[in-house]
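The values are calculated or read from the model by the stated rules, or taken from the named source; none is laboratory data. Note that the structure is a prediction, hence the values are computed from the model and not measured. Methodologically, a virtual Cβ is constructed for each residue, glycine included, from the backbone with ideal geometry; neighbour enumeration extends over all protein chains shown. These accessible areas exclude ligands, DNA and RNA; they are computed on the full protein's heavy atoms, side chains included. Shrake-Rupley method; radii C 1.70, N 1.55, O 1.52, S 1.80 Å.
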Amino acid sequence: MKINKLMINSYGKLRNKEIKLEDGINIIYGKNEAGKSTLINFMINTFYGISKNKRGKDFSDYDRYKPWSGEDFSGKVEYQLDNNNKYEIYRDFNKKNPKIFNENMEDISKEFNIDKNKGNEFFYEQTKIDEDLFLSTLAINQNEVKLQNQEQNFLIQKIANLAQTGDDSVSFKRVIDRINRRQLDEVGTERSREKPINIIARNINNLQEEKEELEKYKNFRYEFENEENNLNEEILNLENENSFLKEIKLLNENEKIENEKIKIKENIKNDNLEKINLLNNKINELKNNNQNIFEKYSENNLKNKKIKNNKNKINNKKINKLNIIFILLILINIFQFIFIKNNIFRYIFLLTVPTFLIFYLFFINHQNKKIKNKEKIEKNNFDKINLELINLKNEKKLIENNLNNLNEELNKLKNNFNLKINLEKEKIKNNYLNKLEKNKINNFINLNNLENINFEIEKIQKLINDKKLRLHSLNLDKKNIEPQLDNLAKIEEELVNNNERMLTLKKLDLSMNLAKDVLNSAYENMKNLVAPKFTENLSNNISEITDKKYTKVMFNEAEGLIVELESGDYVSANRLSIGTIDQLYLSLRLSMIDEMSDEKVPILLDEAFAFYDDERLRNILMYLSSEFKNRQIIIFTCTNREKDILDEAKINYNLTIM
């Protein structure tokens with residue numbers, strides 16, 4: 001990768017600045033406070049974004065470099081990757097995300113991942129180098145090597161950190177010690193007493209004891225709730241049974257009313273039958289008691305003539321008797337005239353004949369009158385009896401007609417009533433099929449006796465009342481244990497919170513142990529694989545930079561960083577001069593560059609050689625020009641020493657004056 005051009009509209013003290021860069025070595029010359037460090041920050045903030053976080057400094061980069069006079073706080077960087085793809089990055093530093101254009105000037109900003117905190121991560125996706133790694137390796141400034149004699153150990157430690165962890169600001173031992181201290185402070189150990197994990201363990205133990213003491217109330221509540229649910233279910237079933245029986249009762253009462261109606265009509269029917277029987281008896285009795293009259297007056301005319309003949313016969317018999325008597329009287333009178341000589345007696349006896357004749361006539365007349373009267377009376381009696389008989393027959397016929405109508409009405413009423421009752425029963429059964437057991441329905445539906453139904457209703461109602469009374473008692477018991485259950489709920493909540501805190505602490509403890517294990521593993525891996533490679537590169541680099549004065553650098557845990565002298569002896573790096581230590585530090589960082597990314601990202605050196613003497617400066621410039629000729633190097637300096645040495649060595653470079 002190489003940077004082709006920088007265009008700054010306004011950034012810190014820089015205004016309307018355009019800088020072109022070339023392959024190889026680029027020297028950006030400027031006096032102190034000319035804005036060289038500001039230019040480096042512009043490049044880095046264009047790639048990674050500007051931070052509003054102070055990060056331990058007095059001012060954030062945003063506040064530090066934002067123009068006071070309101071200029072356009074923006075700029076652009078043109079660069080190309082090793083695959084020759086060209087890009088332009090325009091960034092308005094007031095906004096989180098830049099605009100990214102390809103060489104066809106197409107906006108491809110959305111093709112890269114956008115982190116909600118860091119913004120668009122295009123440069124990391126292109127180079128696999130994040131900002132921290134860029135600052136710790138590729139960007140080297142004078143502040144990192146500008147040390148006094150008493151700070152020599154600090155720089156040695158930074159070199160050791162690089163050798164151990166790959167980051168000069170990270171010490172393995174310090175990290176482990178810091179994790180151990182944090183683990184002790186934030187978690188604690190079995191031996192500690194007033195540390196978080198021990199305090200929480202005691203709280204959990206106390207809460208658990210209180211919880212176990214109050215659990216019985218919870219069990220009581222569960223028992224109450226189970227019993228309450230059972231009671232409610234039983235009450236519901238009983239109320240369904242009660243409702244079913246009441247409907248059956250109402251149906252039976254209606255059936256009883258209808259039966260009473262039928263019974264009344266049956267009684268009317270029976271009364272009519274009795275009336276008919278009574279009328280038949282009366283008719284028969286009337287006929288029997290007046291049979292003679294009916295025989296005389298109820299026959300046809302021929303029969304009436306026979307009656308008259310019979311009357312004549314009766315009269316003739318009586319007349320014949322009288323005639324015989326009259327003849328006897330005449331014979332006696334003749335005889336007395338012949339034989340009796342007494343005239344008085346004769347004439348007196350003779351008077352019997354006319355007297356008898358008179359009597360005879362009177363008798364005939366009297367008999368005729370008597371017969372006529374008798375006939376008249378009999379005829380009147382016959383008419384009267386016959387009328388009564390006709391009335392009885394008419395009354396009987398009327399009752400018989402009513403009886404026939406009543407029978408039809410009864411049959412219809414019975415048929416309709418039975419059908420209606422059966423339909424109502426089926427309807428009631430269907431309504432309760434999902435509410436009651438089938439055998440219960442069948443048992444209840446067969447209770448046709450209202451007394452039995454009322455008995456069942458009273459029994460069920462008593463059960464309902466008893467269960468409701470028990471339910472009320474349960475509710476009172478539940479209210480009495482509610483405060484204990486509330487306390488139990490609070491304790492359980494506290495217990496959950498403490499268990500969660502304990503789990504968090506255990507996870508933290510586990511993560512810290514895991515971190516230490518990973519660090520130890522990484523450290524061992526670094527010692528076995530990476531560190532030897534770094535120390536080998538470092539040895540080669542320091543040999544070139546120091547003109548083979550120091551040819552071997554190693555690191556061990558006992559003495560730290562050690563250097564082999566020309567005599568073959570090893571000495572601690574602490575015994576070297578600050579200049580040599582500076583060379584070691586720069587060598588180690590340069591030795592790491594090729595390991596960071598497949599992309600050959602430019603090296604930024606900001607007054608990195610300010611404390612090098614001319615010989616050391618010449619050695620490092622020769623080393624950079626030969627070992628990193630395929631990588632862009634940008635040197636920021638306030639002197640002409642770099643330019644003069646490169647000119648003397650006839651090494652090409654690109655010069656920009658600020």
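Residues are listed down the side, and each one gets a yes or a no for (1) modelled with pLDDT under 85; (2) surrounded by fewer than 16 Cβ atoms within 10 Å (Cβ to Cβ):
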residue	(1), (2)
Asn452	yes, yes
Lys462	no, yes
Asp486	yes, yes
Glu494	no, no
* **Which numbered condition Leu447 misses (of (1) touching a residue at least 24 places away in the same chain (Cβ under 8 Å); (2) assigned to a helix (DSSP H, G or I); (3) hydrophobic (A, V, I, L, M, F, W, C))** => (2)
* Asked: Is it the case that some residue within segment 337-354 is part of a helix (DSSP H, G or I), modelled with pLDDT of 70 or more, open to solvent by less than 90 Å² (accessible area, probe 1.4 Å) and in contact with a Phe, Trp or Tyr (Cβ under 9 Å, 6 or more places away or on another chain)?
  -> no
* Could you check Asn380 against (1) modelled with pLDDT under 75; (2) polar (S, T, N, Q); (3) within 29 Å of Ile283 (Cα to Cα) and say which number it fails? => (1)
* Structure fact -> Checked against (1) open to solvent by 20 Å² or more (accessible area, probe 1.4 Å); (2) at pLDDT below 80; (3) more than 60 Å from the chain's Cα centre (by Cα), Gly579 satisfies every condition except (1)
* **Condition broken by Ala160, with the remaining ones in (1) open to solvent by less than 50 Å² (accessible area, probe 1.4 Å); (2) modelled with pLDDT of 75 or more; (3) not β-branched (Val, Ile, Thr) satisfied** => (2)
* Any chance segment 48-58 includes a residue that's closer than 14 Å to Tyr11 by Cα and in contact (Cβ under 8 Å) with a residue 60 or more places away in the chain? -> yes
* Pair list, Cβ < 8 Å and 6+ apart or interchain, from segment 124-140 residues that are closer than 14 Å to Lys600 by Cα to residues that are at pLDDT below 90 and among the basic types (Lys, Arg) -> Thr137/Arg589
* Asked: If you take the residues in segment 610-658 that are assigned to a loop (DSSP other than H, G, I, E, B) and open to solvent by less than 30 Å² (accessible area, probe 1.4 Å), which one is farthest from Tyr79 (Cα to Cα)?
  -> Tyr612
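Identify, from the list Asn153, Asn113, Asn141, the residue that is in contact with a helix residue (DSSP H, G or I) (Cβ under 8 Å, 6 or more places away or on another chain), surrounded by fewer than 17 Cβ atoms within 10 Å (Cβ to Cβ), modelled with pLDDT under 95 and under 30 Å from Phe628 (Cα atoms). Step through it out loud before you land on a result.
Working: Asn113 fails: under 30 Å from Phe628 (Cα atoms); Asn141 fails: surrounded by fewer than 17 Cβ atoms within 10 Å (Cβ to Cβ).
Exactly one of Asn153, Asn113, Asn141 is in contact with a helix residue (DSSP H, G or I) (Cβ under 8 Å, 6 or more places away or on another chain), surrounded by fewer than 17 Cβ atoms within 10 Å (Cβ to Cβ), modelled with pLDDT under 95 and under 30 Å from Phe628 (Cα atoms), namely Asn153.
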* Asked: In segment 53-82, how many are closer than 18 Å to Met105 by Cα and within 56 Å of the chain's Cα centre (by Cα)?
  -> 4
* Asked: With respect to Gly49, is the statement that it is surrounded by 19 or more Cβ atoms within 10 Å (Cβ to Cβ) and closer than 17 Å to Asn97 by Cα true?
  -> yes
